[in-house]
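Participant: My questions will all concern the structure given below.
Just so it is clear, none of the values below were taken in a lab; they were calculated from the coordinates. The model shown is predicted, which means the values in this text are computed figures rather than measured ones. Every residue, glycine as well, gets a Cβ built from its backbone with ideal geometry; the counts of neighbours run over all protein chains shown.
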């Protein structure tokens, strides 16, 4: 299902807990930079995980208009099968037992996840700014699928003899079912066990009246896709996963907040040093004629204020800019009160590297400017 409203970008409690950040996610067909930015600011989002249909890759450049760093984290492919037309195939391995997953099996599920996904990579591991224990996150995710009809979730453990060798978690809604997280331990792979797990689930949902089933993975996981294809699934959708590294709330150190008022002397000094004598900064009447409330500060004048903080307070002496980006939402006016808020969502004292977000807010609390700054302390 593709959603066209950014209001459907939903808070993700499990991901937020696992990453220690405010994480929101959604699937969008239309990339509206203004709407996305409005929601990021309103919800104070740290990381937005957005999926767009791969056929809309021509719209990726629109993310640049938002003014927030982003990266393409992976490509997800969806396979579908029509269970009404599908004839279930007999299992190859008659010695397999499929046990419905209940709370008494939580420790078993934890162990299986650790064995199956020790070096697994996905969109989280593509983002260098995320610190996540993927195994622990997957354990929590898998264990949330304890069979519960009310929550439309279920799962099975695969057992051979006295040993558990695989699992599959599933979701269902309406007449559609989905295989969510699944796998077989490496020592049991290659003997048709995974194919039998897929066949068992297909038969279960078909026998219970479900019409369709879907399953997804990263595009480079070729082995499981071969199995799905063999068992009647057809690839019908693919999505690009985009991470917006907003970090509007997070900070690894205490946020610094202080007041700012740009004076006429500030404008004069900056104009003299820079040579920028643009009349918008020095002629009140001219500024009014261009639609402004009054004279406005030079665009990079506030950069001097921010630079002073970085160089003299934190990180302190020896700090230099590696790079920065600015996004103005409102002009900074002469003699009006503003608040500067500086946060540090990424800090690596050993390497002396820092990523900092600066917000400048007006007296109503609205953001006039935000800036991402990459710093190094020599």
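Participant: Determine the gain in length on full extension of the stretch residue 35-residue 149; use 0.36 nm per residue of separation and subtract their C-alpha separation, reporting nm with one decimal.
Facilitator: Full-extension gain reported as 37.4 nm.
Participant: Still on this structure, I have one more. Please list log₁₀ I(q)/I(0) at q = 0.20 Å⁻¹ for region 256-377, using the Debye equation with identical point scatterers on the alpha-carbon positions.
Facilitator: Taking Cα atoms of region 256-377 as identical point scatterers yields -1.12.
Participant: To two decimal places, what compactness ratio does the chain give when its Cα radius of gyration is scaled by 2.2 N^0.38 Å?
Facilitator: Against the empirical 2.2 N^0.38 Å value, I get 1.26 for the chain.
Participant: Find the relative contact order for region 214-361 and round it to a whole percent, using C-alpha pairs within less than 8 Å whose residues are 6+ positions apart.
Facilitator: 29 percent
Participant: First measure r as the distance between the Cβ atoms of residue 10 and residue 261, then evaluate 1/(1 + (r/R0)^6) with R0 = 45 Å and state the FRET efficiency to the nearest 0.05.
Facilitator: 0.70
Participant: I need the calculated FRET efficiency for the pair residue 230 and residue 62, taking r as the beta carbon distance and R₀ as 30 Å, to the nearest 0.05.
Facilitator: It comes out at approximately 0.20.
Participant: Output the peptides 326-334, 340-348 sorted from most to least packed, where packing is the average of other Cβ atoms within 10 Å over each peptide's residues.
Facilitator: 340-348, 326-334
Participant: Further question on the same structure: Would you calculate a helix-derived [θ] at 222 nm for the chain, using -39,500 (n - 2.57) for each DSSP H run of n ≥ 4 and dividing by the full residue count, to the nearest 500?
Facilitator: -7500 deg cm²/dmol
Participant: In terms of the Cα gyration tensor, with a ≥ b ≥ c the square roots of its eigenvalues, is region 64-111 rounded because a/c is under 1.5, prolate because a/b exceeds b/c, or oblate?
Facilitator: Since a/c reaches 1.5 but b/c is at least a/b, the shape of region 64-111 is classed as oblate.
Participant: Report the normalised scattering of region 82-217 as log10 I(q)/I(0) at q = 0.14, 0.20 Å⁻¹, calculated by the Debye formula with identical scatterers on the alpha carbons.
Facilitator: Result of the Debye calculation: -0.66, -1.25.
Participant: If you don't mind, another one. Please sort 67-77, 191-201, 282-292 by packing, taking for each peptide the average over its residues of neighbouring beta carbons within 10 angstrom, highest first.
Facilitator: 191-201, 67-77, 282-292
Participant: At what distance in angstrom do the alpha carbon centres of region 40-106 and region 309-340 lie from each other?
Facilitator: The distance from the Cα centre of region 40-106 to that of region 309-340 comes to 39 Å.
Participant: Separate question: Once the piece of chain linking residue 219 and residue 189 is laid out straight, how much longer is it, given 0.36 nm per residue of separation minus the C-alpha distance between them?
Facilitator: 8.8 nm is the gain from fully extending residue 219 to residue 189.
Participant: Which value in nm describes the separation of the simple spin-label points at residue 163 and residue 78, placed 7 Å from the Cα toward the beta carbon?
Facilitator: According to this spin-label approximation, the distance is 3.7 nm.
Participant: Quick check: Cα centre of region 109-187 to Cα centre of region 277-293, how many Å?
Facilitator: Centre-to-centre (Cα) distance: 60 Å.
Participant: Here is a follow-up. Provide the packing ranking of 97-103, 112-118, i.e. peptides ordered by the mean count of other C-beta atoms within 10 Å per residue, highest first.
Facilitator: 112-118, 97-103
Participant: Could you list, bin by bin from short to long, the percent of Cα-Cα pairs of region 249-307 in 10 Å steps?
Facilitator: For region 249-307, the binned pair fractions read 20, 43, 22, 14, 1 percent.
Participant: Give, in nm to one decimal, the length gained when the segment between residue 106 and residue 292 is fully stretched (0.36 nm per residue of separation minus the Cα-Cα distance).
Facilitator: 60.7 nm
Participant: Defining a contact as two alpha carbons under 8 Å apart and six or more residues distant in sequence, what relative contact order in percent does the chain show?
Facilitator: 18 percent
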